[in-house]
Amino acid sequence: MQFRIASEMVGCIIGKGGSRISDIRKRSGSQIKIEDAIPGSNERIITLLGTPETNQAAIFWINYYMQAEVTPPPAAHHR
């Protein structure tokens, strides 16, 4: 299974020292490969190798980390 993501989102999936991608692989059971940038594009191809279930779990965790990257933390409530 393959899909594309914006190159600027790759860092939030890989994490510091590869910690997040290792976590995603461990949690999902899917093998995950992130290709180099597509020439003339700002996208990268992610390849998932596993069963439909493990690939679905990998997609869940990839989306989770991407969403965490773009969602600002809730504003502090002042009293």
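Just so it is clear, none of the values below were taken in a lab; they were calculated from the coordinates. The structure displayed is predicted, hence computed values, not measured ones. Cβ: placed from backbone, ideal geometry, glycine included. Neighbour counts: every protein chain shown.
When the range 17-53 is examined, which residues are found to be under 14 Å from the mean Cα position of the chain (by Cα) and more than 14 Å from residue 2 (Cβ to Cβ)? 18, 19, 20, 21, 22, 23, 24, 25, 26, 27, 28, listed by residue number. Of the residues making up the range 5-39, those that are surrounded by 17 or more Cβ atoms within 10 Å (Cβ to Cβ) and basic (Lys, Arg) are 20, 25.
For beta carbons closer than 6 Å, sequence separation of 6+ or different chains, a first residue in the range 41-67 that is crowded, with 17+ Cβ neighbours inside 10 Å and a second that is of a type in the set (Asp, Glu), the qualifying pairs are 44/35.
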